[in-house]
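The block underneath contains the structure these notes are about, expressed in structure tokens.
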Amino acid sequence: MGDIIFWTLVRIAVTLPALWILKSYVDEKLWWIVGSAAIYVVIIHPAFVAYRKFEKKSKKVLDSTLCATCKHFDPSAVLCMKYDKHPTEDYIPCDGIHWEPK
Ligand code: SF4
């Protein structure tokens, strides 16, 4: 999830100054259309696609791992808070040793 936020902020940091510079070269009515399209294509759509991938990947972890039933697991971040690591379908950071029921 942090990756999605980071890269969205990077795209915002690049896109908004670029649009600001573009404003002086393009007609104002056209600039609004180009600006809106650029914000959607460069910022919103990639963030949405990345979030959908994260959600799909997270669902597998939430549905089928031991960590999903552990009190140290944060489902919103798909994170083991005890180890500060992200479990996957094939990787349980503690190998089940520190599992505790919720
Ligand atoms: S303590 Fe172990 S079982 Fe519990 S969430 Fe962390 S890695 Fe998973």
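The values are calculated or read from the model by the stated rules, or taken from the named source; none is laboratory data. Here the structure is a predicted model, which means the values were calculated and not measured. Positions of Cβ are backbone-derived with ideal geometry, glycine not excepted, and every protein chain shown enters the neighbour counts. Keep in mind that these areas ignore ligands, DNA and RNA; they rest on the heavy atoms of the full protein, side chains included. Shrake-Rupley method; radii C 1.70, N 1.55, O 1.52, S 1.80 Å.
Ignoring ligands, DNA and RNA, what accessible area per residue does the chain give at 1.4 Å, in Å²? Please list the in-between numbers first.
Values: 7560 Å² over 102 residues.
Here the per-residue accessible area is 74 Å².
So what's the back-of-envelope 222 nm ellipticity for the chain, counting only DSSP H runs of four-plus at -39500 (n - 2.57) apiece and dividing by all residues, rounded to 500? Taken over the chain, the calculation gives -17500 deg cm²/dmol.
C70: net charge of surrounding residues, Cβ under 11 Å, Lys/Arg +1, Asp/Glu -1, itself excluded? All intermediate terms of the calculation are to be shown ahead of the outcome.
Numbers: positive: K71, K82, K102; negative: D74, E100.
Net charge in that neighbourhood comes out at +1.
Between L19, P87, A38, the Cα set farthest toward the positive side of the dipole of the range 1-91 (charges on each charged residue's Cβ, about the Cα centre) is that of P87. Under 22 Å of direct C-alpha separation, and excluding same-chain neighbours fewer than eight residues apart, K102 reaches these lysines: K59, K60, K71, K82, K85.
Tell me the relative contact order for the chain as a rounded percent, counting alpha carbon contacts under 8 Å between residues six or more apart. The partial results should precede the final answer.
Numbers: 79 pairs, mean separation 22.2, N = 102.
Averaging sequence separation for qualifying contacts and normalising by length gives 22 percent for the chain.
Could you let me know the centre-to-centre spacing of the range 72-93 and the range 13-56, using Cα atoms, in angstrom? A separation of 33 Å, based on Cα centres.
Cα-Cα pairs above 15 Å in the range 9-65: how many percent?
Numbers: 930 of 1596 pairs.
Here the tail beyond 15 Å accounts for 58 percent of pairs.
Expressed as a whole percent, the accessible surface of the range 48-102 that belongs to carbon and sulfur atoms is 57, based on a 1.4 Å probe.
Computed about the Cα centre, the dipole magnitude for the chain is approximately 180 debye when only Lys and Arg (+1) and Asp and Glu (-1) carry charge, each at its Cβ. Within the shell of other residues whose beta carbon sits under 15 angstrom from the beta carbon of Y51, the net charge comes to +4, with Lys and Arg scored +1 and Asp and Glu -1.
Over the residues of the chain, compute the C-alpha Rg and express it relative to 2.2 N^0.38 Å.
On the way: Rg = 19.9 Å, N = 102, 2.2 N^0.38 = 12.8 Å.
The chain yields a ratio of 1.56.
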